[in-house]
1. Could you check region 96-121 and list, in sequence order, the residues that are under 19 Å from residue 18 (Cβ atoms) and within 16 Å of the ligand (Cβ to nearest atom)?
2. Can you tell me which residues in region 43-85 are of a type in the set (A, V, I, L, M) and more than 23 Å from residue 9 (Cα to Cα)?
3. Quick check: anything in region 122-129 basic (Lys, Arg) and within 16 Å of the ligand (Cβ to nearest atom)?
4. Quick one: in region 65-95, which of the residues that are over 18 Å from residue 1 (Cα atoms) and of a type in the set (Phe, Trp, Tyr) is farthest from the ligand (Cβ to nearest atom)?
5. Quick one: which of 119, 128 is more than 20 Å from residue 35 (Cα to Cα), within 16 Å of the chain's Cα centre (by Cα), modelled with pLDDT of 95 or more and surrounded by fewer than 19 Cβ atoms within 10 Å (Cβ to Cβ)?
6. Which residues, taken from region 157-182, are more than 19 Å from the chain's Cα centre (by Cα) and of a type in the set (A, V, I, L, M, F, W, C)?
7. For region 191-255, which fully contained strands (runs of 3 or more DSSP E) count at least 3 residues that are hydrophobic (A, V, I, L, M, F, W, C)?
Amino acid sequence: MGYHGRCFDGCTSAVLFTRLYRAIGQKNAQIEFRALAHQKGHVPGTAELDGDENAILDFKYTTSPALTWWFDHHQSAFANAEDRAHFDADRSGRKFYDPACTSCTKLITAVAQEKFGIRWEDLAELVRWADIIDSARFESPGVAVELLEPALQLMTVIEVSDDAFCTSLIPRLDAGGLAVASAPDVRARFEPIQREHLEAVKRVRQRARCEGEVVHFDLTEWNMDGFNKFIGYYLFPDAAYSVGVTASARRAKVSVGSNPWSPHKRRHDISRLCEKYGGGGHPAVGAVTLPGSDVAEARRVGLEIARTLRDA
Ligand SMILES: [Mn+2]
């Protein structure tokens, strides 16, 4: 079974599909899990699909005849129109795609219920959080930044852990749901990340200025590769946009986002704006990445983007 690696929704999808697969007949099947990572131009092929039956969850479609089951909700699920047509022609009843679905977890839950009449009451909280996380629909910036919820602590650990650890969490989530977050080995991974994260919040608090609904901060004096993208709105709830600049040996980066809790409608396409500087992203969030030596240029781009967002 291939699942989207280092992703809370991917891991939870693996938990649910395992239950579904066993419930509909393959009670004693031996299941192997494989974390899949996005690589440009790569679709899972024969190397990944070496079981008697093969499932791919929360990850790109493949036309390989070895694919038996498939669930995904990503806009970018198909590499090209031929792959899409291949899926549309499929009559197996075992491949499911819904780009309107906010998580793959939710899609599997819906299919299990509607097609197979199966519900998993004990996993309701896990499912609910997987959906909140994958669609970034947190109740408030505080929920997203303070990381007090067990689900968000697990998410944090999953996003930085190796494939073997993520895979080892799948049976544990199946057995214990979100309670896994309080296991000593998960705590031991979470605590150092939390310390670093709290340090980042402190640095943003020191450096951030909010002007004309744009919060801007320059963190290049520290060696940092990134930060929680909601910190700006946590500190400045009235901000509509956030522009943060970081630098490490590897890269200098301008991270740009719009406040999902803002009452105002977003007026800019952030991916377009970032593309002007060689970056990219989504309409609501994007980034410009430069070589680690280009700190001055990253600072300049950050200021210019902040100005553009303020002006229009
Ligand atoms: Mn997903």
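The values are calculated or read from the model by the stated rules, or taken from the named source; none is laboratory data. These numbers come from a predicted model, not from an experiment. Neighbour counts run over all protein chains shown; Cβ positions are idealised from the backbone, glycine included.
1. 96, 103, 104, 105, 106, 107, 108, 109, 110, 111
2. Once the filter is applied, which keeps residues that are of a type in the set (A, V, I, L, M) and more than 23 Å from residue 9 (Cα to Cα), region 43-85 yields 47, 66, 81, 85.
3. Yes, there is a match, as at least one residue in region 122-129 is basic (Lys, Arg) and within 16 Å of the ligand (Cβ to nearest atom).
4. Top of the filtered list is 87.
5. The match here is 128.
6. Residues satisfying the conditions are 175, 179, 180.
7. Those strands (runs of 3 or more DSSP E) span 214-223, 241-247.
Listed here are the residues, each with its yes/no results for (1) buried (at least 17 other Cβ atoms within 10 Å of the Cβ); (2) touching an Asp or Glu at 6+ places or on another chain (Cβ under 7 Å); (3) touching a residue at least 60 places away in the same chain (Cβ under 8 Å).
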{"site": "271", "(1), (2), (3)": "yes, no, no"}
{"site": "275", "(1), (2), (3)": "no, no, no"}
{"site": "282", "(1), (2), (3)": "no, no, no"}
{"site": "289", "(1), (2), (3)": "yes, no, no"}
{"site": "293", "(1), (2), (3)": "no, no, no"}
{"site": "298", "(1), (2), (3)": "yes, no, yes"}
{"site": "303", "(1), (2), (3)": "no, no, yes"}
{"site": "309", "(1), (2), (3)": "yes, no, yes"}
